[in-house]
Number of protein chains: 2
Amino acid sequence: MRQVVMHAPGDVRVEERPDPVLIEPTDAIIKLAATCICGSDLWPYRGAERVEDAVMGHEYVGVVTEVGAAVKDIEVGDFVVGSFFTSDNTCEICQAGYQSHCVHRTPMGGEGTQAEYARVPNADGTLVATPGQPGADLVPSLLAASDVLGTGWFAAVAAEAGPGKTVAVVGDGAVGLSAILAATQLGAERIIAMSRHPNRQALARDFGATDIVEERGDDGVARIKELTGGLGAHSVVEAVGTQAAMDQAIRSTRAGGHVGFVGVSHDVSLPGQELFFSGVHLHGGPAPVRRFLPDLIRLIWERAIDPGAVFDLTLPLEDAAEGYRVMDERRATKVLLTV
Amino acid sequence: MRQVVMHAPGDVRVEERPDPVLIEPTDAIIKLAATCICGSDLWPYRGAERVEDAVMGHEYVGVVTEVGAAVKDIEVGDFVVGSFFTSDNTCEICQAGYQSHCVHRTPMGGEGTQAEYARVPNADGTLVATPGQPGADLVPSLLAASDVLGTGWFAAVAAEAGPGKTVAVVGDGAVGLSAILAATQLGAERIIAMSRHPNRQALARDFGATDIVEERGDDGVARIKELTGGLGAHSVVEAVGTQAAMDQAIRSTRAGGHVGFVGVSHDVSLPGQELFFSGVHLHGGPAPVRRFLPDLIRLIWERAIDPGAVFDLTLPLEDAAEGYRVMDERRATKVLLTV
């Protein structure tokens, strides 16, 4: 099959690799319908993480072509959505809604999903079948549910976005934009998008943002305070993963408020004393997307939400290198690869 | 009046100082019945915080002797309990239960409560009157409510201690012990006290601890994991304020679990990436004791709890220097000063 391989920072190629095969009886094999490039794939692309001949990708939707002997709920022919960690969905941690920390989790990134086929371990606990074969127009939204929407949704839930709340979102990438969509669906009263890119601002407004703040850092914090009677937002989503974004998120939150952080932290260090005196709640990490998938699929199927709008460029898998380049140069927010 | 002054690290004296007077119309003056020495008073005593001719103390119970013209709910003659931050109890932050971050808060430590009298700003929003004049046996417990019990209670609530939960408590000082008492009252299923001091272990058991872990650091974490099926505790209280204690607390918590941290963080730095992948909830800071005072006073009044047991030494105010010395040398957990 054809598969995306990153040989070194900046060096992405599509190569012929062996088709995946069932290894565990709980595995499924899927034929990808679509996959995409994640903001986190840019860390190694830019040399900020070590990389050498790595298969890429952890977002996926597609059709099941084969299941192991122990798979009971997922069937060949199902159109399915999964996420970046597989999970048994039965352990105590999964039952508490933290499937991304499942005691039997495996990372989908290990074998890569920017490919024609993928093996999905823990198939029953990981994959959620759609009610039928989706129309082509629904595929981008279902793919978004696989990671960015699920992650943005978790961030909004972690930040306790809801009725009566003012929510601020730090980060205008696909996850931040998805968090705005989630906050809207969760009933937030006011949603402040922190963005200085006109096209992302426009999508933020489409997704329900009521205010745009272009300032960053201390100025951004000051502006959020101004907009919230000097107190700060009730709920703040951090969807970047840098020290500056984390500081901005914590400082924009009122005492007793909630920060939901989902940007993969790189070289971030939180000063204990500042955190102590801030009085905020902090929660985040790799999103337990599986918790939200049934609801997200339903909303997408009913066309109540259109999270696929975060994809502003679609390319065939074969042109993955171009996709990485365009995302790296910030000429696209999120690139969908058709398979 | 007589008042405790710390002239320099290790140099505590009781001196003659002017009686406090009403400054704002919302002030009250109280005659202290008892006050005490806080673990946080030991930071400057040990030279870990700068100190020079500072009046000391922020815990207090006593009788109101004078009220300002704007005070409506508190009356002269009331026996009252307050906490270390005053609060208006009406602002948006107070109404959300975060009175220690009130927009009009003032620190009681600024004028000191290790004294015969104290001025309490924001009297109506800060002080809670007991149902009548307490018997002498209730005074230590009411004084505990002023800080350590309220702080331990907040820590247990922040850690979401409750039915079905396994709660671990890092720190066996008065706050940690109070958190154990709180977790018991909140209905926790299992409470693990981390302590290697026999007398503190005994009090921990009196307060409801079901297990004692003597190991610290990585060994302590491993022991908590062993006791919790490899997952970690649902709820962990950090009641120390050091890097080691914070690391131990976060690492002892299962993914999706809650850390309540109330030790005043000194030189603590949290690595973002570890926090991210831990998947825990983190919440803490200066406890909004006022939120809990009415309930705590009721429980004490009904003799349902005996938090005053954390005081293992009682001295007259005049012997404050001896009290500091004994606490510094860990020969007492918590020293009550009678006034």
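Brief remarks on what is shown
- Choice from A:THR151, A:THR228, A:THR35 showing the highest fluctuation, given a GNM over chain A with Cα pairs closer than 10 Å: A:THR228
- Rg ratio (alpha-carbon, reference 2.2 N^0.38 Å) - region B:121-166: 1.49
- Sequence-distant residues sharing a close amide H with A:PHE85 (under 5 Å, placed H): A:MET108
- Nitroxide proxy distance, nm - points 7 Å out along Cα→Cβ at B:ALA129 and B:ALA202: 4.0 nm
- Relative intensity, log₁₀ I(q)/I(0), of chain B from a Debye sum that treats every alpha carbon as a point, q = 0.08, 0.13 Å⁻¹: -0.35, -0.94
- When the accessible areas of B alone and A alone are added and the area of the pair subtracted, with a 1.4 Å probe, the result is around 2800 Å², both sides summed.
- Legend: P(r) of region B:95-176 from all alpha carbon pair distances, 5 Å bins from 0, whole percents, reading 3, 10, 16, 22, 20, 16, 9, 3, 1, 0.
- Ligands, DNA and RNA left out, the 1.4 Å accessible surface of region A:83-209 is 50% carbon and sulfur atoms.
- Sorted from longest to shortest, the spans of the Cα atoms of region B:123-248 along the three principal axes equal 49, 27, 27 Å.
- Test item: B:277-287 mean partner chain Cβ contacts at 10 Å: 6
- When the pairs A:LYS72/A:LYS334; B:LYS31/B:LYS72; A:LYS165/B:LYS165; B:LYS31/B:LYS334 are compared against a 27 Å limit on Cα-Cα distance, A:LYS72/A:LYS334; A:LYS165/B:LYS165 fall above it.
- Using C-alpha pairs under 8 Å with a sequence gap of at least 6, the mean separation divided by the residue count of chain A gives a relative contact order of 19 percent.
- Other-copy label distances relative to B:ALA70, 7 angstrom Cα-Cβ extension, nm: 6.8
- Per-pair calculated FRET efficiency, R0 = 45 Å: A:ASP73 and A:ALA222 via Cβ, rounded to 0.05: 0.30
- Share antiparallel - DSSP beta bridges, chain B, percent rounded to 5: 55 percent
- At 7 Å out from Cα toward Cβ: B:PRO18 inter-copy label distances (nm, ascending): 8.8
- Counting, for every residue in A:92-104, the Cβ atoms of other protein chains within 10 Å of its Cβ and taking the mean gives 4.
- Calculated P(r) of region B:18-163 - Cα pairs past 21 Å, %: 44 percent
- Relative frequency of Cα-Cα separations exceeding 13 Å in region A:1-44, percent: 69 percent
- Here the label points at A:ARG50 and B:VAL21, each 7 Å from Cα along the C-beta direction, are separated by 7.1 nm in the simple model.
- Evaluated on the protein assembly as shown, the Kirkwood hydrodynamic radius is 26.8 Å, with distances taken between all distinct Cα atoms.
- Take each residue in B:12-22, count the other chain C-beta atoms within 10 Å of its C-beta, and the mean is 0.
- Taken along the Cα-to-beta-carbon direction at a fixed 7 Å, the label points for A:ARG303 and A:ASP328 span 3.9 nm.
- A Gaussian network model of chain B, with springs between Cα atoms under 10 Å, assigns the largest mean-square fluctuation among B:LYS72, B:LYS165, B:LYS31 to B:LYS72.
- For the residues B:ALA239, B:ALA183, B:ALA69, a GNM of chain B with alpha-carbon springs under 10 Å puts the largest fluctuation on B:ALA69.
- The alpha carbon convex hull volume per residue for region A:190-331 rounds to 147 Å³.
- Average accessible area per residue (Å²) across chain B - probe 1.4 Å, nucleic acids and ligands excluded: 36 Å²
- Region A:9-95 - Rg (one decimal) and Dmax (whole number), Cα, Å: 15.5, 42
The values are calculated or read from the model by the stated rules, or taken from the named source; none is laboratory data. What you see is a predicted model; the values in this text were computed from it and never measured. Glycine gets a Cβ as well: all are built from the backbone with ideal geometry, and neighbour counts include every protein chain shown. To get the accessible areas, we keep the full protein, side chains included, count just its heavy atoms, and leave off ligands, DNA and RNA. Shrake-Rupley method; radii C 1.70, N 1.55, O 1.52, S 1.80 Å.
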